[in-house]
Amino acid sequence: MENTEKFTNNKQIIAFLTEQFPACFIAASESAKPLKIGVFQELAARLEDEPRVSKTQLRGALRQYTMSWRYLHCVKAGAKRVDLDGVEGDEVSQEHADHAQQSLKESKEKAFANKKKNDAAKTPNRAAKKVAIPNRKKEAPKKAAKKPEIDLSQYKEANHNELKVSQPVKVLLGKSPVSATVVEILKEEVQVQLDSGMVVKVKAKHLIV
């Protein structure tokens, strides 16, 4: 029994036309050929008794086929048009060729614009979200415990001429003296090494022994 189920989309109809008229409608894997002007009337007449496709569906499928990039590429000035049986007829005019190339250009631009728009929509928003930080009262910095003051009465100011290398001394830095060792006695200054390892030059008046 012959299949009489109606076609539901252009893809099915184009596949049917490719099967019925292979010399006219070329499969997607091959180069298309420009169609004869008025080919729709011929199709409507040939398929008048075909229950699976209406004239409206046929017109829609034919439009999709002739607006595909593959078909528009083949519509070039001088190319031979073919009828349903593949018989060559009139050549494509320059006007029709220009129109086809313009349609191809606009179609590609639209497709690329839509792709760019869709890609942008899929890209997650990488903007950093502001995180609300709870309002916390700043705690007042704890005051460092006061170091016990050193009784300086037991020390005396160093005499530059009496200092010796490796002699332990105290360096008056700020309010508290710092332990150090004499490493070199210069003409006007004394080079000492602090307990921290730092070496500094100071006047003898800044040393106590």
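Solvent exposure of segment 1-57, expressed per residue, is 66 Å² of accessible area, with all protein chains present and a 1.4 angstrom probe.
Tally Lys/Arg at +1 and Asp/Glu at -1 over every other residue whose Cβ is under 12 Å from the Cβ of E109; what's the total?
On the way: positive: K105, K108, K110, K115, K116; negative: E106.
Around E109, the surrounding residues sum to +4.
For M198, the solvent-accessible surface with a 1.4 Å probe is about 110 Å², rounded to the nearest 10.
Of K11/K76; K156/K201; K6/K33; K33/K105; K76/K105, which sit over 21 Å apart, Cα to Cα? It would help to have the intermediate numbers written out before the result.
Numbers: K11/K76 25 Å; K156/K201 19 Å; K6/K33 27 Å; K33/K105 19 Å; K76/K105 14 Å.
Going by Cα-Cα distance, K11/K76; K6/K33 fall outside the 21 Å limit.
Normalising the Debye intensity of segment 1-75 to I(0), with uniform scatterers on Cα atoms only, and taking log10 at q = 0.18, 0.20, 0.21, 0.22 Å⁻¹ returns -0.70, -0.86, -0.95, -1.04.
For the set F25, F7, the ranking by accessible area, highest first and with no ligand, DNA or RNA atoms included, is F7, F25 under a 1.4 Å probe.
The values are calculated or read from the model by the stated rules, or taken from the named source; none is laboratory data. Since the model is a prediction, treat every value here as computed from it, not as a measurement. Here the Cβ is made from the backbone with ideal geometry for all residues, glycine too, and neighbour counts use every protein chain on show. Heavy atoms of the whole protein, side chains included, go into the accessibility calculation; ligands, DNA and RNA do not. Shrake-Rupley method; radii C 1.70, N 1.55, O 1.52, S 1.80 Å.
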